[in-house]
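Notes follow the structure.
The values are calculated or read from the model by the stated rules, or taken from the named source; none is laboratory data. The shown structure was predicted, so the numbers you read here are calculated from the model rather than taken from an experiment. Please note: Cβ atoms are built from the backbone with ideal geometry, for glycine as well, and neighbour counts cover all protein chains shown.
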Amino acid sequence: MKTYLVGGAVRDALMGLQGSDRDWVVVGATPEAMTAQGFTPVGKDFPVFLHPQTHEEYALARTERKTARGYKGFAIHASPEVTLEEDLARRDLTINAMAQDAAGQRIDPFGGERDLHAKVLRHVTEAFREDPVRILRIARFAARFPDFEVAPETLQLMREMVAEGEVDALVSERVWQEISRGLMSAQPSRMLQVLRDCGALARLLPEVHALYGVPQRADYHPEIDTGIHLEMVLDQSARADAPLAVRYACLCHDLGKATTPADVLPRHLGHEQRSVKLAQHIHTRWRVPVECKELADVVAREHGNIHQSLAFNAGAVLRLLTRCDALRRPERFLQALQACECDARGRLGKQAEPYPQADRLKRCLHAALAVDTASISATAMAQGLSGAAVGQRIEQAREIAVGVALDVA
């Protein structure tokens with residue numbers, strides 16, 4: 001029985017990166033032998049165990065055989081006879097198919113270190129084509145390591161898999177898991193580029209794929225192409241270290257531009273409401289978490305108004321805050337402002353421009369929240385008012401407070 005450190009921990013150590021989860025492969029063992037040594041079984045689809053002290057995952061060496069379409073269509077074989085090289089051969093990329101023994105000796109049967117130095121994402125064997133999740137994983141790795149290129153033969157293999165319909169069999173949870181991790185990577189635009197290059201973007205995110213080639217007004221968007229603009233906005237969200245909900249809102253904010261009638265291009269009047277409707281399809285298809293889809297809807301609907309809000313008076317600002325539910329959900333509104341700032345800076349030559357709308361609206365929000373609504377309600381009711389009349393008094397007070405905040409500026 002021999003134990004090896006495998007996968008990302010070996011790769012990241014060679015790259016000088018820290019903090020990676022450590023995964024282990026055990027060769028020559030049985031489930032009974034593992035439990036006898038105090039390991040706790042946790043694997044549902046194949047034998048995985050938790051170490052009794054470190055709680056790190058130890059998997060028995062295994063091979064896989066394709067039995068059906070999709071990422072679950074595998075028969076798993078784990079036995080003491082499976083070798084380390086056989087286990088590594090089923091992995092996705094050569095840079096993830098390295099191992100290290102107890103003495104620190106590296107085992108690299110597929111040239112992972114070579115590809116690491118060459119900055120190449122290359123599949124290990126033809127077994128890659130058996131798991132469509134690997135298309136998403138490569139796109140996500142491209143976003144994490146944006147200076148890496150996908151090997152031409154790997155990209156061709158991915159195109160063949162898409163043509164064969166493999167990505168159509170993916171379940172929503174796995175798609176969202178990989179896309180969300182790609183969005184949280186260093187350069188999310190690379191994920192879209194790789195998915196587009198292999199044809200998977202049109203199958204998984206057709207609403208996003210449709211943005212490429214759609215023109216915009218050059219005075220507002222020097223980059224012109226709406227798809228390129230989206231890539232730039234996503235990369236701005238990464239530079240801002242924005243949370244997932246903000247990055248997802250950036251992904252969905254301009255979807256409606258793909259459905260602008262040809263006779264009115266390059267203007268995109270009314271694209272905000274169309275964006276909301278198209279985003280709903282993505283929310284449902286990939287079972288997007290509530291906090292992500294709610295923020296995406298607010299940003300898609302209101303980003304144009306937020307951009308134009310420098311010209312708004314106190315009443316218009318208060319109406320904007322109300323539509324965004326900012327008084328009840330101030331933290332979400334601050335995230336919406338961050339997404340809009342990424343949108344404004346995701347334009348050619350505009351990456352470092354200030355975005356005064358955010359500070360102005362934050363100041364107005366704080367002023368509106370500071371209004372003592374309980375005192376106003378009590379006074380109004382003492383004067384015999386009730387219901388909508390009390391609410392009107394509160395709105396008047398908030399509008400005055402917002403106006404003061406604007407005058408102070």
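Just to be sure I understand, how many residues within the range 20-59 are under 31 Å from the mean Cα position of the chain (by Cα) and of a type in the set (A, V, I, L, M)?
So the count comes out to 5.
Taking the range 341-374 as the region of interest, how many residues are within 20 Å of residue 272 (Cα to Cα) and either in contact (Cβ under 8 Å) with a residue 60 or more places away in the chain or touching a strand residue (DSSP E or B) at 6+ places or on another chain (Cβ under 9 Å) (or both)?
Number of matching residues: 6.
Suppose the filter is assigned to a helix (DSSP H, G or I), in the same structural domain as residue 48 (by TED's automatic domain parsing) and not small (Gly, Ala, Ser); does residue 138 pass it? First the steps, then the outcome.
Details: assigned to a helix (DSSP H, G or I): yes; in the same structural domain as residue 48 (by TED's automatic domain parsing): no; not small (Gly, Ala, Ser): yes.
No.
Picking from 121, 116, which residue would you name as being within 19 Å of residue 17 (Cβ to Cβ) and either exposed (fewer than 14 other Cβ atoms within 10 Å of the Cβ) or out of contact with any Phe, Trp or Tyr (no Cβ under 7 Å at 6 or more places or on another chain) (or both)? Reasoning before the result, please.
Working: 121 fails: either exposed (fewer than 14 other Cβ atoms within 10 Å of the Cβ) or out of contact with any Phe, Trp or Tyr (no Cβ under 7 Å at 6 or more places or on another chain) (or both).
After ruling out the rest, the residue left standing is 116.
Determine the pairs where a residue that is over 20 Å from residue 347 (Cα atoms), located within the range 237-264, has a partner that is assigned to a helix (DSSP H, G or I) and of a type in the set (A, V, I, L, M, F, W, C) with Cβ atoms under 7 Å apart, the partner being 6 or more residues away or on another chain.
What qualifies is 244/183; 244/292; 245/292; 245/295.
Any idea which of 238, 245 is under 27 Å from residue 369 (Cα atoms), at pLDDT 95 or above and not in a loop (DSSP other than H, G, I, E, B)? Steps first, please.
Numbers: 238 fails: under 27 Å from residue 369 (Cα atoms).
Result: 245 is the single residue among 238, 245 that is under 27 Å from residue 369 (Cα atoms), at pLDDT 95 or above and not in a loop (DSSP other than H, G, I, E, B).
Considering the range 308-361 alone, what residues qualify as being among the charged types (D, E, K, R) and surrounded by 16 or more Cβ atoms within 10 Å (Cβ to Cβ)? Let's see the steps before the verdict.
Let us first name the residues in the range 308-361 that are among the charged types (D, E, K, R), namely 319, 323, 325, 328-329, 331-332, 341, 343, 345, 347, 350, 353, 359-360.
Residues satisfying the conditions are 332, 341, 343, 345, 347, 350, 360.
Looking at this structure, is residue 272 in contact (Cβ under 8 Å) with a residue 12 or more places away in the chain, assigned to a helix (DSSP H, G or I), acidic (Asp, Glu) and buried (at least 22 other Cβ atoms within 10 Å of the Cβ)? I'd like the intermediate steps shown before the answer.
Numbers: in contact (Cβ under 8 Å) with a residue 12 or more places away in the chain: yes; assigned to a helix (DSSP H, G or I): yes; acidic (Asp, Glu): yes; buried (at least 22 other Cβ atoms within 10 Å of the Cβ): no.
Spelling it out, it is not the case that residue 272 is in contact (Cβ under 8 Å) with a residue 12 or more places away in the chain, assigned to a helix (DSSP H, G or I), acidic (Asp, Glu) and buried (at least 22 other Cβ atoms within 10 Å of the Cβ).
In this structure, is residue 245 among the aliphatic types (A, V, I, L, M) and closer than 16 Å to residue 303 by Cα?
The answer is yes for residue 245.
Please go through the range 6-33 and give me each residue that is touching an Asp or Glu at 6+ places or on another chain (Cβ under 7 Å) and among the hydroxyl-bearing types (Ser, Thr, Tyr), ordered by number.
20
Quick check on the range 153-182: of everything there that is part of a helix (DSSP H, G or I) and among the acidic types (Asp, Glu), which residue is surrounded by the most Cβ atoms within 10 Å (Cβ to Cβ)? Break it down into steps so the answer makes sense when it comes.
Pass one, the range 153-182, residues part of a helix (DSSP H, G or I): 153-163, 166-169, 172-182.
From what's left, among the acidic types (Asp, Glu): 153, 160, 166, 168, 173, 178.
Values: 153: 10, 160: 13, 166: 24, 168: 12, 173: 10, 178: 21.
Here the answer is 166.
Looking at (1) at pLDDT below 80; (2) in contact with a helix residue (DSSP H, G or I) (Cβ under 6 Å, 6 or more places away or on another chain); (3) β-branched (Val, Ile, Thr), find the lone condition where residue 67 falls short.
That leaves (2) as the condition not met.
If residue 220 meets every condition in (1) within 30 Å of residue 156 (Cβ to Cβ); (2) part of a loop (DSSP other than H, G, I, E, B) apart from one, which number is that one?
(1)
Residues that are hydrophobic (A, V, I, L, M, F, W, C), surrounded by 17 or more Cβ atoms within 10 Å (Cβ to Cβ) and over 30 Å from residue 245 (Cβ atoms): does the range 125-143 have at least one? So that I can check it myself, show each step before the final result.
Here is the first cut: in the range 125-143, the residues hydrophobic (A, V, I, L, M, F, W, C) are 127-128, 133, 135-136, 138-139, 141-143.
With surrounded by 17 or more Cβ atoms within 10 Å (Cβ to Cβ) added as a condition, the list becomes 127-128, 133, 135-136, 138-139, 141-143.
In the following step, the residues that additionally are over 30 Å from residue 245 (Cβ atoms) were identified as 127-128.
Looking for residues that are hydrophobic (A, V, I, L, M, F, W, C), surrounded by 17 or more Cβ atoms within 10 Å (Cβ to Cβ) and over 30 Å from residue 245 (Cβ atoms), one finds at least one in the range 125-143, hence yes.
Which pairs do you get when a residue that is part of a helix (DSSP H, G or I), found in the range 183-212, comes within reach of a residue that is aromatic (Phe, Trp, Tyr), reach meaning Cβ atoms under 8 angstrom, with the pair 6+ apart or on two chains?
Taking only residues 6 or more apart or on different chains, the pairs are 183/248; 196/212.
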